[in-house]
Amino acid sequence: MSDKELSREILSSFGGETNISVATHCATRLRLTIKNEEKVNEADVKKIKGVLGLVKNENEYQVIIGTNVSSVYLEFSKLGDFGSVNKEEQAGKNTEQQKKEKKNYYLIATDFIAGTVLPTLPIIVAGGMMSAVLVMCKTFFNLSTDTGTYTVFNAIYSAAFTFLPIFIGYNAAKKLTINPMLGSLLGAILVSPDLNGVEKLDFLGVPITTANYGSTILPVIFGVLFMAVIYKPLDKYIPKEIKFFFVPLLTMIITVPVTLICLAPIGTWLGQWIGAGLVWLNVNLGWLSVGVIGAVCALLVFTGTGTGLYAAIFLAFSENGFENFIMPGMLAGNLAIGGAAIAAMTLLKEKDTRAMAFSSGLTAVFGITEPAIFGVLIPYQKPFISAAIGGGIGGLFAGFTHVAEYAFVSPGVASIVAFINPDGTHTNLIMAVGTMLLAFVSAFIATRIIGIKERVEE
């Protein structure tokens with residue numbers, strides 16, 4: 001089935017163009033925010049050839065597509081205008097129905113983090129991998145830091161993380177349905193050389209804490225959350241004849257001082273505490289805590305709750321320059337998922353399912369696990385247990401040997417350079433390779449022993 005045909009069938013199963021307010025995507029999922037859930041035919045969605053699974057989070061549906069989701073999204077976006085939530089329809093939603101809805105604040109928080117961080121991942125991955133490549137070039141090819149080549153490539157890394165608040169601010173504002181350009185402006189203000197790191201600065205006599213907000217995410221997120229509180233009433237009540245001029249002006253006049261004096265420092269301190277907390281967990285419970293992450297990796301991806309860890313991961317990178325708790329556990333988990341899927345391939349009989357298991361397992365080995373989880377582990381059940389066993393064993397090894405990732409990227413074979421220590425030593429890289437081998441082999445053997453549960457079609 002072509003991407004165009006797949007997009008049309010998905011749109012039809014979700015009630016057509018008028019029933020979808022927002023459409024986005026991440027690495028493997030098409031994310032659709034729905035206006036009326038009664039118009040969604042979940043059974044039909046799951047039966048579409050090319051759809052690996054369906055996850056529901058409040059009024060957002062996540063259609064599991066796989067690594068070709070970006071091309072499917074391009075075709076899907078041509079079928080309608082899915083750029084923003086219709087404010088009139090949202091305002092007209094039945095008040096009594098809203099009161100009856102049971103709010104899951106954890107899911108709301110993780111959904112906000114996902115909508116804010118996931119669109120930024122290509123920038124972070126590009127910058128992080130560029131840093132890893134530079135480390136590799138310096139270590140193995142003696143690339144001098146004085147050359148123009150190094151300077152150009154290092155600019156990719158530097159720009160991606162130095163100006164990260166701008167990208168995060170844009171996405172946060174978009175997720176909160178306010179003008180995203182104002183969110184990016186707030187991020188730019190935080191990294192502006194006129195304010196960033198300037199000492200003895202004050203506003204109307206109130207001192208402003210000196211801080212460097214490059215590479216941070218919490219300060220701008222807190223600022224945009226406050227901005228939404230200011231922006232929405234102004235946008236609603238200021239007459240439309242003068243709204244274009246006064247809404248952005250008044251929003252920034254109020255938001256920027258409050259953010260600089262109060263919210264951004266709080267975000268910085270909280271980030272430092274979280275980063276220090278992760279280091280403490282790894283130092284005191286390293287072998288156990290990383291093993292737990294490896295064991296529950298597939299569960300986190302399946303439920304979509306893994307996105308709630310992104311904030312902690314980015315904070316650890318910004319505070320410490322590396323992450324040695326969650327990402328090493330995910331490295332073990334990803335390889336274990338791949339090992340379980342490929343082992344399941346050896347137990348399957350049908351040619352198509354064998355090919356699907358092998359390709360999705362190989363994709364998991366390279367760091368993208370959703371196709372294997374929804375295509376193999378969930379339908380055949382027992383490989384899910386095997387992946388947990390392999391991920392736990394590999395994670396325990398990673399924790400015991402203090403494996404760390406030095407550049408943010410989905411951990412796997414393709415991103416092994418991210419585990420090269422910038423100090424030029426190779427111990428961390430060797431232990432990371434050992435983690436991958438141990439997790440993959442453990443999950444593969446466990447699957448061969450436990451077997452698979454025959455899939456029963458509805």
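The values are calculated or read from the model by the stated rules, or taken from the named source; none is laboratory data. The structure displayed is predicted, hence computed values, not measured ones. Methodologically, a virtual Cβ is constructed for each residue, glycine included, from the backbone with ideal geometry; neighbour enumeration extends over all protein chains shown. Areas reflect the complete protein model, heavy atoms only, side chains present, ligands, DNA and RNA absent. Shrake-Rupley method; radii C 1.70, N 1.55, O 1.52, S 1.80 Å.
Checking the cross-link pairs K46/K349; K49/K175; K46/K232; K39/K236 against a 28 Å limit on the alpha carbon distance flags K49/K175; K46/K232; K39/K236 as lying beyond it.
In plain terms, the chain from D352 to Q381 could stretch by 8.6 nm, reckoned as 0.36 nm per residue minus the Cα-Cα distance.
Rolling a 1.4 angstrom probe over the chain with all protein chains present gives an accessible area of which 63% lies on carbon and sulfur atoms.
Taking the Cα centre of the stretch 395-458 as reference, the dipole from Cβ charges on Lys and Arg (+1) and Asp and Glu (-1) amounts to some 180 debye. For the stretch 1-76, the share of alpha carbon pairs falling in successive 10 Å distance bins from zero is 21, 63, 16 percent. In this Cβ point-charge picture (+1 for Lys and Arg, -1 for Asp and Glu), the chain has a dipole of about 640 debye about its Cα centre. Which helices of the chain meet both criteria: a Cα extent of 24 Å or more along the helical axis and a mean Kyte-Doolittle score no lower than 0.0, with helices taken as whole DSSP H segments? Helices meeting the span and hydropathy rule in the chain are 121-141, 218-237, 240-258, 264-303, 326-347, 382-400, 427-450.
What the Kirkwood sum gives for the stretch 289-445 is a hydrodynamic radius of 14.9 Å, with every pair of different alpha carbons counted. In the full protein context, the chain carries 48 Å² of accessible surface per residue, based on a 1.4 Å probe and ignoring ligands, DNA and RNA.
Note on T149 and D44: with the Förster distance fixed at 45 Å, the Cβ-Cβ geometry gives a FRET efficiency of about 0.25. Using the average count of surrounding beta-carbon atoms within 10 Å as a protection proxy, the listed peptides 417-427, 374-384, 256-266 rank, highest first, as 374-384, 256-266, 417-427. The value for the stretch 186-279 of Rg(Cα) / (2.2 N^0.38 Å) is 1.21. Full extension of the chain between N68 and H402 yields a length gain of 116.8 nm, computed as 0.36 nm times the residue separation minus the alpha carbon distance. The alpha carbon convex hull volume per residue for the stretch 209-262 rounds to 76 Å³.
Within the P(r) computed for the stretch 383-443, what percentage of the Cα pairs occupies the region above 18 Å? When every Cα pair of the stretch 383-443 is considered, 33 percent fall beyond 18 Å. For the pair the stretch 326-402 and the stretch 171-212, the centres of their Cα atoms are 43 angstrom apart.
Remark: spin-label model distance L250-K232 equals 1.7 nm, labels positioned 7 Å along the Cα→Cβ axis.
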